[in-house]
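Notes to accompany the following structure.
The values are calculated or read from the model by the stated rules, or taken from the named source; none is laboratory data. Bear in mind that the values here come from a model prediction, so they are computed numbers and not experimental data. Methodologically, a virtual Cβ is constructed for each residue, glycine included, from the backbone with ideal geometry; neighbour enumeration extends over all protein chains shown.
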Amino acid sequence: MAGIELDHVQIAAPPGCEAAARHFFGELVGLAEIEKPAPLRARGGAWFALGDRQLHVGVEVEFEPTRKAHVALRMGAAELDGLAERLAAAGAPVTWDDALPGARRFYSADPWGNRIEFLAGR
């Protein structure tokens, strides 16, 4: 359908996730936090700018990490290498995968075990 665009992506996290979300997505990945609208703040979580879109970390009381479904974040090759180094230095998993033609990519996990893909190219 014409006119449909992606507005935001939401991943789930357990209650009390805010500090870890700010560290992982803000400090390590380098996304800027954006303020949640006042009516939604009591729900917890954190929102981040993702280019002209947004990444929302939402609280799920009975949280289970996603192991297959995932967010994929694209960046330049130099940024990808730097991010892989920062994540590894912070103890996050970095698993390189060369199965996608025309792309360099790796998988990691957020602090709660959700699968996250990082890639350059394509």
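Quick notes on this structure:
- Subset of the stretch 40-63 that is without any contact (Cβ under 8 Å) to a residue 12 or more places away in the chain and in a loop (DSSP other than H, G, I, E, B) - its residue that is farthest from the chain's Cα centre (by Cα): 62
- Looking only at the stretch 1-31, and only at residues there that are at pLDDT 95 or above, among the small types (Gly, Ala, Ser) and outside any helix (DSSP H, G or I), the one that is surrounded by the most Cβ atoms within 10 Å (Cβ to Cβ): 13
- Residues of the stretch 66-116 that are surrounded by fewer than 17 Cβ atoms within 10 Å (Cβ to Cβ), under 19 Å from residue 24 (Cα atoms) and among the charged types (D, E, K, R): 67, 74, 79, 81, 85, 86.
- Subset of the stretch 34-65 [closer than 15 Å to residue 17 by Cβ, exposed (fewer than 15 other Cβ atoms within 10 Å of the Cβ) and β-branched (Val, Ile, Thr)]: 61
- Residues of the stretch 94-110 that are closer than 17 Å to residue 11 by Cβ and touching a helix residue (DSSP H, G or I) at 6+ places or on another chain (Cβ under 8 Å): 108, 110.
- Yes/no for residue 81 being of a type in the set (Asp, Glu) and touching a helix residue (DSSP H, G or I) at 6+ places or on another chain (Cβ under 7 Å): no
- Within the stretch 79-94, residues that are touching a residue at least 60 places away in the same chain (Cβ under 8 Å) reach partners that are not in a helix (DSSP H, G or I) and not hydroxyl-bearing (Ser, Thr, Tyr) with beta carbons closer than 7 Å, at six or more positions or on different chains, in the pairs 92/109.
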